[in-house]
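As structure tokens, the structure follows; a few thoughts come after it.
The values are calculated or read from the model by the stated rules, or taken from the named source; none is laboratory data. Since this is a predicted model, take the numbers as computed values, not measurements. Positions of Cβ are backbone-derived with ideal geometry, glycine not excepted, and every protein chain shown enters the neighbour counts. Quick note on the areas: whole protein, heavy atoms, side chains included, nothing else; ligands and nucleic acids left out. Shrake-Rupley method; radii C 1.70, N 1.55, O 1.52, S 1.80 Å.
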Amino acid sequence: MASREELQLLREARAGNAASQYALGKRYLFGSKSLPQSLPTALHWLGRAAAQGNTDAMLVIGEHLPFDAVQTFSDRPMLESWYRMAFRQGSMTAGFTLAKLILASDTASDEKRLAEALDILESVARHDIPEAQWLLAELVKRSKKPSPVKDHALEWTARAADAGIVDAQMALIAHAWENADYDTFLRHALPIAHAIVKDRTQTDSAVLDEASIHLLLRCGKLLAKEKGHQDEIPAMWEIAAFHKNAEAAFLLGLWYARIDENGQRTSDGASATSFKKAIRWLKQAGELGMAKAWYALSQIYQKAEFSQRDMTDAQRYLEIAANLGHPKAQFDLGMIAWRNRKEDESGDIQAVYWLQKATSNGDTEAAIALNRIASRAQPASWAVTARQYLSQETVSSYPFLAARIELAAVFGLSRPEALLLDIHAADKGHCLLIDIREFYRRSKRRLILIQTGHERQTLSRISRLFEKVDCGPKGPEGNYRQRQYRLKTLLPAVMKMEDNPGDVSDEGKIPSA
């Protein structure tokens, strides 16, 4: 209940006495024995006193009422004038609030108003007000115009970070990481990481934002390159992995398995290997879409020292990684298929498929192996010449023969291969299987890569032509002798040609891997 003195002040304030309004406003600003602290009520009475020219009221408003308490005040120009006066009297707190009022006003886009706000902020920042330093740094970084202040944005951010402004600390940490300034990164990030880990040991319910998760991940990665931090690293990565960070789960899995991402043993001097923990975290990383986690799992399941070694599981995880685009997994699958081709003749087709995938993903080792296993399409000189002799009438009368000559011209087939190839069985999507041994024993099974759009379109068009036709010796084209005779009759000049040395001859051999 208000005292007699306060009741008298209230009556005089209501009557318009500026001194009483000022005194009553101060009591509501700081609170008294009988009057509660109330910033809105304090602003009401101090504002009425300031509106009558009470300088003390203006100074008190500028020094003690923050932006949040006054941003809804109806007369914004008058409010700014009070803070401006307090700022000119030396109140940096008033200057900071004034800058925020200008920036939040409808005229903030005006260049003069914006320049005034920046000048005020710079003056306040030089008096070591961390909040002003951080706001100034953010504003000049977002500004598209060159400014002398802009050159000092990082300095203001660093000073605000040193003063404990969390947002400034996170911005400085991000900048240090992006610019590979790892000393600065660890200096500011490590205390935050330690605090997060400490809080985590006390409660498991804390939910971290993305910036904190990445901070933990990166701190662990940098500490892993140094000695003496073996106990800190897993704790940081486990928290990040708990928040579904795939990279943290992956690194944690490698850490417990004591391997690198290619499955090779690492000698980091850490504690004993725990494949059980490694598998748990690697599976989580894999389920979050990380292909290299599945590859690492495949390597673990192949290890002789792993008590649950299982080559079936190893193969399954390898296939998952390969299907997700992991080049090393694709290369490994390709070489496994190539080595198993004696048990499964189609292994060479699978090998080419995976090696092509790995090559397209930048694996140079796969490119070398692919060149040894399959050949690239090169025009056959006899077929190129034959196409020149083909008339429109011949093409219309003998479309299958014309198509076979075109196929040879594009993919470099010998005459027996062109005449006897089963078009349906030859097209494997990623390569052309040349296998006429059933009808021409001197030939060798080989694969030709399909690499260009033109090659793919040509093969698809010719395949459609033969779609409902039996390509064998009982089909409409007849046996090999009949097909040879037709070619000789229609194109006698071509039959006199010898296969170009660059063509694949009947006695050609498949390069061994």
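Here are the numbers for the structure shown:
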{"item": "Mean Cα-pair separation over length for the chain, i.e. relative contact order, pairs under 8 Å, 6 or more apart, %", "result": "6 percent"}
{"item": "Hz values of 3J(HN,Hα) by residue in region 357-371 - Karplus curve (6.51, -1.76, 1.60), Gly and Pro given as x", "result": "4, 5, 4, 5, 8, x, 7, 5, 5, 5, 4, 5, 5, 5, 5"}
{"item": "Tilt relative to the chain, helix 453-465 - C-alpha long axis, 0 to 90 degrees, to 10", "result": "50 degrees"}
{"item": "Per-peptide average of other Cβ atoms within 10 Å, ordering 409-415, 447-453 highest first", "result": "409-415, 447-453"}
{"item": "Dipole in debye (nearest 20) - the chain, about Cα centre, beta carbon charges: Lys, Arg +1; Asp, Glu -1", "result": "1480 debye"}
{"item": "Reach of residue 141 by Cα under 28 Å, taken over lysines that are not fewer than 8 positions away in the same chain", "result": "100, 112, 150"}
{"item": "Selected from 15, 254, 375, residue furthest toward positive end of dipole (the chain; charges at beta carbon)", "result": "375"}
{"item": "Helix axis angle, 55-64 relative to the chain longest principal axis, alpha carbon, degrees", "result": "40 degrees"}
{"item": "Dipole magnitude of region 67-213 about its Cα centre (Cβ charges: Lys, Arg +1; Asp, Glu -1), debye to nearest 20", "result": "320 debye"}
{"item": "Rounded, prolate or oblate (a/c below 1.5 giving rounded, otherwise prolate when a/b exceeds b/c) for region 251-320 by Cα gyration tensor", "result": "oblate"}
{"item": "Net charge, residue 387 excluded, C-beta distance under 14 Å - Lys, Arg +1, Asp, Glu -1", "result": "+1"}
{"item": "Region 243-381, relative contact order [Cα under 8 Å, separation at least 6], %", "result": "15 percent"}
{"item": "In Hz, Karplus ³J(HN,Hα) per residue of region 481-486 (6.51, -1.76, 1.60; θ = phi - 60°; x = Gly, Pro)", "result": "4, 5, 5, 4, 4, 5"}
{"item": "Acute angle (nearest 10 degrees) that the helix 18-30 long axis makes with the longest principal axis of the chain, alpha-carbon atoms", "result": "50 degrees"}
{"item": "Probe 1.4 Å, all protein chains present, accessible-area order of 30, 250, 67, largest first", "result": "30, 67, 250"}
{"item": "Inter-probe distance in nm under a simple model that places probes 7 Å from Cα toward Cβ, at residue 340 and residue 7", "result": "9.8 nm"}
{"item": "Percent antiparallel among DSSP beta bridges (both partners in the chain, rounded to 5)", "result": "75 percent"}
{"item": "Filtered trypsin sites (Lys or Arg not before Pro), region 314-419: DSSP coil and at most 10 other beta carbons within 10 Å", "result": "342"}
{"item": "Normalised contact order of region 216-317, rounded percent, pairs of Cα under 8 Å and 6 or more residues apart", "result": "20 percent"}
